[in-house]
Amino acid sequence: MDIAALVRACGGREPLARALAASFLRDLEAQLTLLFAAHAGGDREQLVLLAHRFKGNLGILKAGAAHRAAQELEGAARQGGEDGLGARLEHLSAELRRAASALAAWVGG
């Protein structure tokens, strides 16, 4: 997480950056549930859409490792096949939890 870069991306407006982070945190569990359900149900289109959405949000939030994990999942899901999707999904989930922990500490601080 690069909180300073997030604040800079928001034009130096820390309240805006905190509001973006808080919004992401509010929706995270529901979005993660949808992501895992899409994978479990073999819904490749939904998996690509959700991974893409995570990638965009994480890029805005300057969550580098989680952003890269979402990008990898999206790319693999677009390629088709099951090769490594589960592992990529678990990796994204772990990176999301790390990013969420850092954001929650900042937003709550």
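Two decimals is fine: what is log10 I(q)/I(0) at q = 0.11, 0.12, 0.23 Å⁻¹ for the chain, from a Debye sum with one equal scatterer on every Cα and no solvent?
-0.33, -0.39, -1.18
For the chain, build the charge dipole from Cβ charges (+1 Lys, Arg; -1 Asp, Glu) around the Cα centre, then report which of VAL107, ALA76, ALA65 sits farthest towards its positive end.
VAL107
Tell me the net charge near ALA17. Cut-off is 12 Å between Cβ atoms, ALA17 excluded, with +1 for each Lys or Arg and -1 for each Asp or Glu.
Local net charge: +2.
Suppose all protein chains stay in the model; what accessible area per residue would a 1.4 Å probe give for the chain, in Å²?
Result: 53 Å² per residue.
Which whole-number percent is the relative contact order of the chain (Cα, under 8 Å, 6+ apart)?
With pairs under 8 Å counted, the relative contact order is 32 percent.
Could you tell me how far the Cα centroid of the range 32-109 sits from the Cα centroid of the range 1-20, in Å?
After rounding, the separation between the Cα centres reads 21 Å.
Output the Kirkwood hydrodynamic radius of the range 12-53, Cα pairs only, in Å rounded to one decimal. Don't skip to the end; give the middle numbers.
Details: mean 1/r = 0.0875 Å⁻¹.
Roughly 11.4 Å, rounded to one decimal.
The values are calculated or read from the model by the stated rules, or taken from the named source; none is laboratory data. Owing to the predicted nature of the structure, the values given are computational and were not obtained by experimental measurement. Here the Cβ is made from the backbone with ideal geometry for all residues, glycine too, and neighbour counts use every protein chain on show. Accessible surface is based on the protein model in full, side chains and every heavy atom, while ligands, DNA and RNA are left aside. Shrake-Rupley method; radii C 1.70, N 1.55, O 1.52, S 1.80 Å.
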